[in-house]
Amino acid sequence: MKNFKFNKLNFFLFISFFLSINFSLIAQEGYNPQKNYEFAKKWRFGGGLGLGFGSGYTDIMIAPSAIYQFNEYFAAGVGLQGSYINSKDRGYYYSDIKQYQSWIYGGSLIALANPIPLLQLSAELEQLRVNNTYTYRNADKWDNNFWNTALFLGIGYHNGPVTIGIRYNVLYKEKDMVYGSAYMPFVRIYF
């Protein structure tokens, strides 16, 4: 079982490597210094990194992304996401659960619009594979594996490479088990 989870991480890293190689090959196709420069300067890269540690708790998340800036008003791109959560013996809150582990990985498509320089509107379609394992105090285990689709519509204050705002998951369901709320604040940075 441990090798299976390790392979998920390898798969996520392979996809990240594959996308970075493809972006490099696209940029080099048909060598024309001026054309390649114009193409390359329209790509912007960013993403997210999250780390959380506590007593018996670990949360690690990585989410690289790339967008192509078509003009000053519109950009679109792709992103990857992978996260690992491990929570051990959290006491009364989880009552009979001794350990909880979760592997989440997937991708997203994002579109960004800037109708005015300080305002950014966004739409992001996200598809995630969720693999949860619950280990109970009596040594029983329960696996809960599923796909989760989210469609986020967002609005934010945009200044330079940074956007701060809030997004709403229009496909959110209360039994979601991935996000605790339909609303989610964000900080987005693209260089």
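At least 1 residues being closer than 16 Å to Gly82 by Cα and of a type in the set (Lys, Arg) is the threshold, and among the strands (runs of 3 or more DSSP E) wholly inside the stretch 109-181 those reaching it are 119-136.
Against the definition (free of Cβ contacts under 8 Å to residues at least 40 places away in the same chain, under 24 Å from Ala182 (Cβ atoms), out of contact with any Gly (no Cβ under 8 Å at 6 or more places or on another chain) and crowded, with 17+ Cβ neighbours inside 10 Å), how does Gly156 come out, yes or no? It is false that Gly156 is free of Cβ contacts under 8 Å to residues at least 40 places away in the same chain, under 24 Å from Ala182 (Cβ atoms), out of contact with any Gly (no Cβ under 8 Å at 6 or more places or on another chain) and crowded, with 17+ Cβ neighbours inside 10 Å. Looking only at residues of the stretch 39-68 that are under 21 Å from Gly160 (Cβ atoms) and surrounded by fewer than 14 Cβ atoms within 10 Å (Cβ to Cβ), we find that the one that is nearest to the chain's Cα centre (by Cα) is Leu49. Here Asp96 meets the list (1) more than 22 Å from Leu51 (Cα to Cα); (2) in contact with a helix residue (DSSP H, G or I) (Cβ under 6 Å, 6 or more places away or on another chain) almost entirely, failing just condition (2). Please indicate, with yes or no, whether at least one residue in the stretch 128-147 is small (Gly, Ala, Ser) and within 26 Å of Glu174 (Cα to Cα). Checked the stretch 128-147: no residue is small (Gly, Ala, Ser) and within 26 Å of Glu174 (Cα to Cα).
What residue, among those in the stretch 169-178 that are out of contact with any Leu (no Cβ under 6 Å at 6 or more places or on another chain) and loosely packed, with under 15 Cβ neighbours inside 10 Å, is nearest to Asn132 (Cα to Cα)?
Met177
None of the figures in this text is laboratory data; all of them are computed from the coordinates on show. Nothing here was measured: the structure is a model prediction, and the numbers come from that model. Counting neighbours? That spans all protein chains shown, and the Cβs are built from the backbone with ideal geometry, glycine included.
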